[in-house]
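Chemist: First the structure, which I've put down as structure tokens, then a few questions once you've had a look.
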Amino acid sequence: MDISSIFDISAAGMNLERQRLEVSALNLANANTTHGANGQPFTPLQVVVRSGLTPFDAVLNAVNGGAGLAGSGPIGEVQTADVPNRQVYEPGHPDADTNGFVSYPGVNPVSEMVHLIAVTRAYEANVRVFNAGRSMAMKALEIGSGR
Amino acid sequence: MSQINPILGGTTSQLVSVALDAALARHAAIAANIANADTPNYRPLMARFDQLVADLQGRVTDRTQDGAVMRDAALMQDALQSEPLIADPSAPQVELDMQMANLAKNTVQYQALLTAQGKLASLTELALSEGKM
Amino acid sequence: MIDPVTAIAVQLPSSVEFAPATQPPATDFASWLAQQVDDVNTKVSQADMQVRQLAVGENTNLHQVMISLEKAHLSLELVVQVRNKVLEAYQNMMQMQV
């Protein structure tokens, strides 16, 4: 495994965490959006993460002696979360339905905040891995010096 | 002793020199991207060199192709002088953490090349000084 | 009565870490030295090749490159120092009054 693939894996991880942060920020910002472009309340989003390693990649790794791990970082897809809308009784609201209920997006601020904490920690962990990889590379450059 | 010649400044030195130029070009691109991180409608740049150098891979281990490799490397160095930076097709906007990651990667590559070339040259120095340095 | 100076049989180290495994152990100093020179050639060539791969960005371990360079340096240093000592010994011999 060469030195740049180690950095690419951590970079992919950081990318993913940033994506999750963006989605969380979007959800929180739109927590009270009752009326979107299509007339419907905002649909909360989520990031579904899958590993970049397919079973074929695992076989290729075994053949190449672990040289093909560069594409194995996580890949995140943004999808809509299947969460029911909150119904709030506000008869005077312009978006109220016939019974006076307004549909707000089913965004749970508490769980989004907890999610933010987890994302931050994961991002920090990726940065630490990156820095550790860089320190190791710099140490490898010192082999044979100090003669 | 027919293969001691490479350490006296042949294909390897040329390749390392080209790779160092490429690292500098990449650094310039990253510096521009970071400086313009908040500029609206700014398109991130990358070093054009990276597309050219992939052509060299796989040919450097065969010493019989050294002449062709040296010519291509010299051409690349000239090409780098004229238009080193182009727009990055894979990045529609500047992402600071990716730029920082690329910066660290590039710095390690630059220092690794310098150290390796220095050690290769010290082999020649050892032979020339007859071990009395 | 002075005993004749007998040649002290020196057992050279098998130098497994320097000589390639495929070569049979050398029987005398001259062939050992020749082996070491070939070994230096191989190591320097290998280190040079790995530096090229590092420059072009092929799949190379950074520490592997550094270790190869260091091995080459140590092999060359061994040969150079052995050569220096042999020359010094020869010069000493030539300076002897007959």
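Here, each number is a calculation from the coordinates, and none is a lab measurement. Please read these numbers as outputs of a predicted model, since none were measured by experiment. Neighbour counts are summed over all protein chains in view; Cβ atoms, including those assigned to glycine, are modelled from backbone coordinates with ideal geometry.
Chemist: Tell me, in nm to one decimal, what length is gained between residue A:96 and residue A:77 on full extension, where the rule is 0.36 nm per residue of separation less the Cα-Cα distance?
Modeler: 3.5 nm is the gain from fully extending residue A:96 to residue A:77.
Chemist: Amide H of residue B:45: which non-local residues (sequence gap of 5 or more, or other chain) have their own amide H closer than 5 Å, using H built in the peptide plane?
Modeler: The list, which skips near neighbours in sequence, is B:33, B:88.
Chemist: Would you please put B:72-82, A:23-33 in order of how densely packed they are, using the mean number of other Cβ atoms within 10 angstrom per residue and starting with the highest?
Modeler: Working: B:72-82: 14.5, A:23-33: 16.7.
Highest to lowest by the protection proxy: A:23-33, B:72-82.
Chemist: Moving on to the next point. Roughly how many debye, to the nearest 20, is the charge dipole of segment A:3-140 about its Cα centre, given +1 on each Lys and Arg Cβ, -1 on each Asp and Glu Cβ, and no other charges?
Modeler: 660 debye
Chemist: What's the average, rounded to a whole number, of partner chain beta-carbon atoms within 10 Å of each residue's beta-carbon in B:58-65?
Modeler: 3
Chemist: Once you have the Cα-Cα distance between residue A:89 and residue A:116, take 0.36 nm times their residue separation minus that, and quote the gain in nm to one decimal.
Modeler: My answer for the length gained is 6.7 nm.
Chemist: Using a simple charge model, +1 on the beta-carbon of Lys and Arg, -1 on the beta-carbon of Asp and Glu, nothing else, what dipole does segment B:7-120 show about its Cα centre, in debye to the nearest 20?
Modeler: Here the size comes out at about 280 debye.
Chemist: For residue B:34 and residue B:62, compute 0.36 nm times the residue count separating them, minus their Cα-Cα distance, and round to one decimal in nm.
Modeler: Going from the current span to full extension adds 6.2 nm.
Chemist: How far apart, in nanometres, would the label points at residue B:132 and residue C:67 be if each is projected 7 angstrom from Cα along the Cα-to-Cβ direction?
Modeler: 3.6 nm
Chemist: Hey, got the average number of other protein chain Cβ atoms within 10 angstrom for residues in C:38-50? Write down the numbers at each step before the final one.
Modeler: Values: counts 1, 0, 4, 4, 1, 1, 9, 6, 0, 7, 13, 7, 3.
Mean partner shielding for this stretch: 4.
Chemist: Related question: So how do B:132, C:43 line up by other beta-carbon neighbours within 10 Å, fewest first?
Modeler: Ordered from fewest to most neighbouring Cβ atoms within 10 Å, B:132, C:43 come out as B:132, C:43.
Chemist: Using the basic label-point model (7 angstrom from Cα toward the beta carbon), what is the residue B:100 to residue C:46 distance in nanometres?
Modeler: 4.0 nm
Chemist: Sticking with this one: Simple spin-label model, 7 Å along Cα-to-Cβ: residue A:145 to residue A:40 in nm?
Modeler: Rounded to a tenth, the inter-label distance reads 6.0 nm.
Chemist: Explain nothing, just compute: Karplus ³J(HN,Hα) = 6.51 cos²θ - 1.76 cosθ + 1.60, θ = phi - 60°, for every residue of segment A:82-99 in order, whole Hz, x for Gly and Pro.
Modeler: Working through the residues one at a time gives 8, 10, x, 6, 7, 9, 10, 7, 9, x, x, 6, x, 8, 5, 7, 4, 8 Hz.
Chemist: Dipole magnitude of the protein assembly as shown about its Cα centre, charges +1 at Lys/Arg Cβ and -1 at Asp/Glu Cβ only, in debye to the nearest 20? All intermediate terms of the calculation are to be shown ahead of the outcome.
Modeler: Numbers: 23 positive and 37 negative charges, 103 e Å.
Once rounded to the nearest 20, the dipole reads 500 debye.
Chemist: Got a sec? Charge dipole of segment B:9-106, +1 on Cβ for Lys and Arg, -1 for Asp and Glu; which of B:101, B:49, B:69 is way out at the positive end?
Modeler: Towards the positive end, the residue furthest out is B:69.
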